[in-house]
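Worksheet: the structure to be examined is printed underneath.
Nothing in this text is a laboratory measurement; each read-out follows from the coordinates by a stated rule. In this text, all values refer to a predicted model and were calculated from it rather than measured experimentally. Backbone-built Cβ (ideal geometry, glycine too); neighbour counts: all protein chains shown.
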Amino acid sequence: MFKRAKGAKMASEATLDLYESSMSSIQYSSPSGKRSWDELRQAVRETRKLLPAFASRIPSNFKFRTIQTNHGPMTRIYFLGMPPKNRENTLIYVDLPTQLQEEVGTLPWCNFLDAFPSGAPAGQMSREEQLQRERKRVGIFGITSYDFAESAGRFIFPACNNLYVCDDQNVCSEEPCIPQVVNTGCLGARMDPQICPNNVDLVAFVHSNDVWVTCLSSGQERRLTFSHKGTGQLVTDPLSSGVPSFVIQEEFDRYSGFWWQPADIPRTDPRYCVVKGSWPRTYRLLVEEVDESEVEILHIYSPSSDNVGIDEYRYPRAGSKNAHTFLKIIEFTVDEDGQISDMITEKHLYRPLTFFFPWMEYLVRAGWTPDSKYVYVQLLDRRQQRLALILIPVACFVIENSDIDMIFREESRNYPPLQIIYEDTSDIWINTHDILHFLPSKCKEEVPFIWSTEKSGFRHLYKVTAYTGQSSANPVDVFDQSEGVLKSETTEIPLTRGEWEVSGKQIWVNEEKELIYFLGLKDSPIETHLYVVSFKCPVEPVRLTERKYSHTVFFSSDLSLFVSVFSSIDQFPMSNVYKIQQVGQRVSAQLLGVLMGPTACKEYHPPELFSYQSIAGHTVHGMYYRPHNLELGRRYPVVLFVYGGPQVQLVTNSFKGLKFIRLHTLASQGYAVVVIDGRGSCNRGLRFESHIMHRLGLTEIEEQVEGLEWLASNVDFIDLSRVAIHGWSYGGYLSLMGLAQRPDIFKVAIVGAPVVDWALYDTGYTERYMDTPDNNRRGYQCGAVTSYVDNFPDQDNRLLIIHGLIDENVHFQHTSALINALVKACKPYQLQVYPNERHGLRNHEANEHYKTMVLNFLQNNL
């Protein structure tokens, strides 16, 4: 399957966490047979020998490029993957056959890169890099992301504490590309590199909380923003540019805070890499500036090699002040020799967004319209029940010289209005999404776009047309020049409908053929498929991917090809390349090649899916692992693995041998393992998810118990007198609630990084589901674990608490508050602290200890 390009060498360093990507070849007749700590540790080590290479070879981050050769056009597909016997991601490519083959074969993988220094382990990464990995939940090493200029074949990516660039120039050669370090005078990490759409020699990045740009042809770099002072103290240095605040990254999934002005011509155009116009040329970036001066500073004990023991973070706890955000446009020029002018122009919105929209709390999305005439923003209020999509004319950004000049300009200039082109409201909450595609307009007074909303109770697609000008046919609200805002009238056409969910992550729009490709769960709430629907004449969406699998899809820029990475509960991940075919109105997918075929592993025992009708009348989905040493007529101890919170779905018809391999390990040691998605989990509609609204921790456990008891009555191997509950983060919170609320059901609880008091967690997440502490005092009190401390069992060895000491997400303060309450009530507990770990355990030694400890605790107490 893997073709090593001539002369290629791959970096190899075993820095991957292996609990999530390994399996046990050692089986025991029963966990009641006590084993020593060393024997359990050896069992954990054995689990690392079978699947770590496979577990991380799943391809991802696909890009397509069609290249003209002497034999005609050839399509090359690039992606991130892990070659055999390596434990770091790298860039790989495959070439599609230039002619259709009678038999579809497996496409050989080729190394795109020659050797370069191996990736840095977590301990050698900068603080910014470590925190970004935490926000993005990245657990692998090597190349984890890249930007790509399609026509030029240029890649830019961060790795090994550096930025690298490489060009795929000679497609007929099998020689690998040698990546070159992007030279810099910056001391420290360069984050979020993005290639300029109008000049592939320009790369913008963030360094030390400001935006910089480098010219690859000249080697010159220039600082573009000057928000951060570099004092080294948060209290005196609250400003940053190009970096979203903690809450925006953690709770709204936006990780970038700057956006290049769009290309004059599409990236797929052969002229893309050639900049048009006279020299010098002007380039623009939309930049978010964040002011965290009112955000609380938390001090976290942080042991390090130099024994400096305190780290500082800006962290807005529920009910406290959030960061303020401002938008600006940065302009600079570059001459023919690649020299960047030191005259940087900074333009601010002539009044801050909060002047026009005093209700706004969060800037959740931003960018440019395709014609560059407008900046768009999505604004969300504090309660997250009101969202507005706004167009801001570029002319509203002005140079800021002085207060006097600013007053003069405001009085003498008639600025174009900011335009509200869509508003969404909910009495529950609004889940933010990434579905927005502006369509070409036939009339300058109309702004058509594709949008998504859950206003029907389920996320669906709509074609919306906003009317931004005055006309008798489409009147608009009266425009108040003093306020500077115009609310457009809109018409909308539903493109999908029904009691099923469209995925909120991405859509692909073919404007010429008026088709939308999207991922959704129309056929099953536990299977994700690719569908297509017309936005001109919408009818029932057509599924393009194979049933009985869950699919993740990547499209070429011209939407003629796509890659699907797919799996099922009992099938290892596979990957195929397909060609879109359209005959009349019928759209279908034709298989072109196999990227990764079926894999067999006899040692792997997949879980089994189940579902049942709950007492409340809805369908509940779950899965369970049978003990590997299952004997008829014998009942086995149970581990209920729980998350239970919103925005997460654990039970899907997809392969679980990667993320949940630890559950397989437990089953191999003689435990039955059960997972249940009750109300509160996602992809079942807003009403299903919002059952927990304003009462986190009060309803979830009873649904978990109901599912567990239903399963026990339908299989003959579950021992309900020996049940452990185990989870991490929200799952750790529910594990505590399970032991406190139902100690009759749960004999032991293994609790990882738990929320204990919602008043201590962040604004964006907590207030979405609980409102503010002032508005929902009873909900916060009833949802606090410490309110149930008297209900915890008096017997020892029933509660094990695990937490990383430098967790900057769910702070160790939660566990400290719990321990104080347990001590005050004289309740027994066990505590395991990992001094150098954050919210997830990243280091190999900590992972090995954790896995061994869990097995030891279960065998001794369950």
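For region 53-116, how big is the tail of P(r) above 19 Å, as a whole percent of Cα pairs? Before the final figure, lay out each step's value.
On the way: 805 of 2016 pairs.
Everything past 19 Å amounts to 40 percent.
Suppose the chain between VAL539 and SER713 were pulled fully straight at 0.36 nm per residue; how much longer would it get relative to their current alpha carbon spacing? Display every interim value, and only then the final one.
Details: separation 174, 0.36 × 174 = 62.64 nm, distance 4.35 nm.
Stretched out fully, the VAL539 to SER713 stretch lengthens by 58.3 nm.
For GLU512 paired with SER441, estimate the spin-label separation in nm (one decimal), with each label point 7 Å from Cα along the Cα-to-Cβ line.
Label at GLU512, label at SER441, 2.5 nm between them.
Would you mind getting the Kirkwood hydrodynamic radius of region 516-613 from its Cα pairs, rounded to one decimal in Å?
Values: mean 1/r = 0.0672 Å⁻¹.
Kirkwood hydrodynamic radius for region 516-613: 14.9 Å.
Which chymotrypsin sites (Phe, Trp or Tyr not before Pro) in region 205-241 sit in a loop by DSSP (not H, G, I, E or B) and have at most 13 other Cβ atoms within 10 Å of their own Cβ? Numbers along the way, then the final one.
Numbers: sites: PHE205, TRP212, PHE226; in loops: PHE226.
In loop regions of region 205-241 (DSSP not H, G, I, E or B), the sparsely surrounded chymotrypsin sites (Phe, Trp or Tyr not before Pro) are PHE226.
Let me check against my output: what whole-number percent is the relative contact order of the chain, with C-alpha pairs under 8 Å and at least 6 apart? Write out the running numbers ahead of the final one.
Numbers: 1987 pairs, mean separation 86.2, N = 862.
Normalised by residue count, the contact order of the chain is 10 percent.
Could you work out, for region 128-260, what percent of all Cα-Cα pairs fall into each 5 Å distance bin, beginning at 0 Å and stopping at the bin that holds the largest distance?
All Cα pairs considered, the percentages come to 2, 9, 18, 22, 20, 15, 8, 4, 1, 1, 0, 0.
Could you tell me how many degrees, from 0 to 90 and to the nearest 10, lie between the Cα long axis of helix 403-412 and the main elongation axis, the longest principal axis, of the Cα atoms of the chain?
60
In nm, what is the difference between 0.36 nm times the number of residues separating GLU603 and ASN183 and their Cα-Cα distance?
Details: separation 420, 0.36 × 420 = 151.20 nm, distance 4.78 nm.
That works out to 146.4 nm of additional length.
Please compute the Kirkwood hydrodynamic radius of region 332-374 from all pairs of different C-alpha atoms, in Å with one decimal.
Numbers: mean 1/r = 0.0719 Å⁻¹.
Across region 332-374, the inverse of the average 1/r is 13.9 Å.
In deg cm²/dmol and to the nearest 500, what is the mean residue ellipticity at 222 nm of the chain if only DSSP H runs of at least 4 residues count, each as -39500 (n - 2.57), divided by the residue total? Let's see the in-between values first.
Details: 14 runs with 130 residues, N = 862.
Value at 222 nm, helices only, nearest 500: -4500 deg cm²/dmol.
Quick check: the angle from helix 730-741's long axis to the longest principal axis of the chain, C-alpha only, nearest 10 degrees?
It is inclined by approximately 40 degrees.
Can you pull the one-decimal nm distance between simple spin-label points at VAL171 and ILE67, each 7 Å off the Cα toward Cβ?
Spacing of the two 7 Å Cα→Cβ label points: 0.6 nm.
Apply the Karplus parameterisation 6.51 cos²θ - 1.76 cosθ + 1.60, with θ equal to phi minus 60°, to every residue of region 350-355 and state each ³J(HN,Hα) to the nearest whole Hz, in sequence, with x for glycine and proline.
4, 9, x, 4, 5, 5
Can you give the Kirkwood hydrodynamic radius of region 438-579 from its Cα pairs, in Å with one decimal?
Working: mean 1/r = 0.0587 Å⁻¹.
The answer is 17.0 Å.
In 10 Å bins starting at 0, how do the alpha-carbon pair distances of region 735-826 split up by percent?
So the P(r) values, bin by bin, are 16, 47, 32, 5.
Please list 3J(HN,Hα) in residue order for region 209-223, calculated via the Karplus relation 6.51 cos²θ - 1.76 cosθ + 1.60 where θ = phi - 60°; whole Hz, with x for glycine and proline.
Taking θ as phi minus 60°, the curve returns 6, 9, 8, 10, 9, 10, 9, 5, 6, 9, x, 7, 10, 9, 7 Hz for region 209-223.
Which links in LYS522/LYS656; LYS321/LYS747; LYS444/LYS513 stretch past 30 Å when you go from one Cα to the other? Show your work: numbers first, answer last.
Details: LYS522/LYS656 22 Å; LYS321/LYS747 41 Å; LYS444/LYS513 22 Å.
Those over the limit are LYS321/LYS747.
Residues with amide H under 5 Å of ASN89's amide H, sequence separation 5 or more or different chain, H placed in the peptide plane at 1.01 Å from N; which?
Hits under the 5 Å cutoff: PHE141, GLY142, ILE143.
Report the full-extension gain for the segment SER372 to SER456: residue separation times 0.36 nm, less the Cα-Cα distance, to one decimal in nm.
On the way: separation 84, 0.36 × 84 = 30.24 nm, distance 3.25 nm.
Computed gain between SER372 and SER456 is 27.0 nm.
How big is region 191-249 along each principal axis, measuring the range of its Cα positions in Å and listing the largest first?
39, 24, 13
Which whole-number percentage describes the relative contact order of region 84-228, with Cα contacts under 8 Å and a sequence gap of 6 or more? Numbers along the way, then the final one.
Numbers: 228 pairs, mean separation 24.0, N = 145.
Dividing the mean separation by the residue count of region 84-228 yields 17 percent.
Can you check how the C-alpha radius of gyration of region 564-687 compares to 2.2 N^0.38 Å, as a plain ratio? Please report the intermediate quantities before stating the final value.
Details: Rg = 18.2 Å, N = 124, 2.2 N^0.38 = 13.7 Å.
Working it through for region 564-687, the quotient is 1.33.
When only DSSP loop residues count, what trypsin sites (Lys or Arg not before Pro) in region 510-540 have their Cβ near at most 16 other Cβ atoms within 10 Å? Show your work: numbers first, answer last.
Values: sites: LYS513, LYS522, LYS536; in loops: LYS513, LYS536.
Here the sparse-neighbourhood loop sites are LYS513, LYS536.
Enter the angle in degrees (range 0 to 90, nearest 10) between the Cα long axis of helix 844-861 and the first principal axis of the Cα atoms of the chain, meaning the one along which they spread out most.
Roughly 30 degrees, rounded to the nearest 10.
Okay, which of region 545-574 sit inside 19 Å, backbone N to the point 7 Å along the Cα-Cβ direction of SER611?
Under cut-off, by backbone N: 545-551, 567-571.
Could you state the per residue volume, in Å³, of the convex hull enclosing the Cα atoms of the chain?
On the way: hull volume 154.9 nm³, N = 862.
Hull volume normalised by residue count: 180 Å³.
Need one number: nm distance between label points at GLU499 and GLN339, each 7 Å from Cα along Cα→Cβ, rounded to one decimal.
Between GLU499 and GLN339, the simple spin-label model gives 7.0 nm.
Could you derive backbone 3J(HN,Hα) for region 769-783 from the dihedral phi with the Karplus parameters 6.51, -1.76 and 1.60 (θ = phi - 60°), listing whole Hz in sequence and x where the residue is Gly or Pro?
9, 10, 6, 7, x, 5, 8, 9, 4, 5, x, 5, 5, 6, x
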